[in-house]
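The values are calculated or read from the model by the stated rules, or taken from the named source; none is laboratory data. Source: prediction; values computed, not measured. Glycine also receives a Cβ, built like all others from the backbone with ideal geometry; neighbour counts cover every protein chain displayed. For the accessible areas, the whole protein counts, side chains as well, though only heavy atoms, and no ligand, DNA or RNA atoms are used. Shrake-Rupley method; radii C 1.70, N 1.55, O 1.52, S 1.80 Å.
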Amino acid sequence: MLLVICSICVFVFILHHFWTYRELYKLSWIMPGPLWVPFIGNAYSIIGRTHEGLLDLLNYLATSYPMPLRRYWFGPNKLYILITKPEDIQTVLNAPECLNRDGVYKYVSTLAGNGLVCLPADTWKEHRKYLNPTFSLKILQSYMQIFNKETNTLTDRLKQYTGKPAFDIYELMDACTLDIVCQTTMGTEMNIQKNQNVNYLKAANNLLSIMTTRIFNPLMHLDTLFRLTKWYNIEKKSMEIVFGFVDKILQRKKAEYHLIQKKLKEVEKDENVSMKTPLIYIDQLLKLSMEGGIFRDEDVINEANTIISTGFESSALITSYCVLMLAMHPDIQAKVYEEIGAVISDPNDIKYDELGNLKYTERVIKETMRLFPTVPAIARVANAPFQLREYTIPAKTHFAIGIVTLHRDKTVWGPKAEEFDPDHFLPEKFEKIHPYAYVPFSAGPRNCIGIKYAYMLMKVLVVHLVSSYKFTTDLRLCDLKHRVDITLKLSNKHMVSIEART
């Protein structure tokens, strides 16, 4: 009798499950994708994979199912549609029904906080409206002195590596960009390049690694299981370091608020502000909190953490890849060096107005981001039905946008899609490319708020580095092995050798 009751309960549960998600199953049955197992879906293909193997899975789905849309069940009730064509990416990123980030972004909040990256659409709209002015051109120009100062520290640190065996430049770049972003965001000199506050950098990198583990391991989505692992205590301690740092600065800034606002008003009246006092991000956030009560302390901390975490990691990675590409391609490096000599009056004190004339250098940076987008894939979720190609997409459908696959698509970028060629971004060529075929900073309404900041910083870094050193490497493009730590990391590292320029 007990067996009969249990069987009936199981049957009713299964029936209820399929009825609840019937629209997702209908879509799944008419869309290509790998073999799925009931209640497990396709998660069997991801359990046990290393961080290096995650990119292999993405590539497998893109090549084995060449249709524009492919489906992938992540567990019993999460249907993902993988999209890699620019037309479909444009539709999804601009659809009002798809402004919400995927639920896995809650794991990103352990480092980035509940700021612009992770907020639900309705709250995000409000925050974005108030935060857009904090990245105005005048404010960005005021950061040039910080960019130059910290990058000069980086070039000084590199002197010890001249004439020495190859080293991983990313380790030094990571510290440099964190120093820069903390100063422009918090107004605080971390001096990580001088071996101070290195626990903050270590904590941030711990959280990046743990995020990936949780996002791509269905078992780690269960908080009860995650708390039994060693990662739980590491995450807890790392979050205390990261969020505690911002909270400490916030409390000090609040005590100094009136003095800060008086200073801001003085520099805002000064037409030469870009050459003088940096307009620090947290001071602007604090104004939104203290005047009008738009932001709470929690919002200030979250938005500051968002800018720090997304700013330092992406800038360090892209610039490290860029240096590695220049080391692999000495002819391209020579052209960048030649342009710097023609455009920049003093490589140790770069002026904002000079950056716009670095046309070839900008193409090199863009080509780097094409081959090595900081985030290889992003995810969205539909909160209402909408149309995508011939499919009616039901609510609760998840989307995985394969940026790294899109950026290497030969049908979009031509036969040299897998090669490093800055001429992909010649104006006459790039204008023929679909506007959503290149999305290193995402696109649509929820694109990255710090795009201009990132380009400025990366140009300054490249100018300082290439004007000071000549880079070489034994690595070839085909040698590179990648892994996913939320961002696109290089398993065999950014190994370069340097020679001081005379």
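Quick look at the values:
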{"item": "The range 367-502 - Rg over Rh from alpha carbon coordinates, Kirkwood radius", "result": "1.02"}
{"item": "Solvent-accessible surface (1.4 angstrom probe) belonging to W413, in square angstrom, nearest 10", "result": "20 Å²"}
{"item": "Computed magnitude of the charge dipole of the range 344-496 (debye, nearest 20; Cβ of K, R +1, Cβ of D, E -1)", "result": "520 debye"}
{"item": "Kirkwood-based shape ratio for the range 121-196, expressed as Rg/Rh from alpha carbons", "result": "1.13"}
{"item": "Pairwise centroid distance, computed over Cα atoms, of the range 179-199 with the range 464-502, Å", "result": "24 Å"}
{"item": "Distant alpha-carbon pairs in the chain (separation over 41 angstrom), percent", "result": "22 percent"}
{"item": "Which of Y321, Y72 is most accessible, then next, and so on - probe 1.4 Å", "result": "Y72, Y321"}
{"item": "Computed Kirkwood radius, in angstrom, where 1/r is averaged over Cα pairs of the range 57-137", "result": "15.1 Å"}
{"item": "Between helix 281-290 and the chain: long-axis angle, C-alpha atoms, 0 to 90°, nearest 10", "result": "60 degrees"}
{"item": "Value of relative contact order over the chain, rounded to a whole percent, pairs C-alpha under 8 Å and six or more apart", "result": "24 percent"}
{"item": "Net charge dipole size for the chain [Lys, Arg +1 and Asp, Glu -1 on Cβ; Debye, nearest 20]", "result": "920 debye"}
{"item": "Crossing angle, helix 144-158 versus the chain [Cα axis fit, 0-90 degrees, rounded to tens]", "result": "90 degrees"}
{"item": "Principal-axis tilt of helix 2-20 within the chain, Cα atoms, nearest 10 degrees", "result": "50 degrees"}
{"item": "Relative contact order (%) - the range 82-137, alpha-carbon pairs under 8 angstrom, separation at least six", "result": "24 percent"}
{"item": "Largest to smallest principal axis extent of the C-alpha atoms in the range 214-256, angstrom", "result": "46, 16, 14"}
{"item": "Cα pair distances exceeding 20 angstrom across the range 438-497, given as percent", "result": "52 percent"}
{"item": "Burial ranking of peptide ranges 331-340, 193-202 (average Cβ count within 10 Å, highest at the top)", "result": "331-340, 193-202"}
{"item": "Dipole-positive endmost among T411, P38, A316 within the chain (Cβ charges, Cα centre)", "result": "P38"}
{"item": "Given charges at Cβ of Lys, Arg, Asp, Glu: the range 353-502 dipole, positive-most of V463, G402, A379", "result": "A379"}
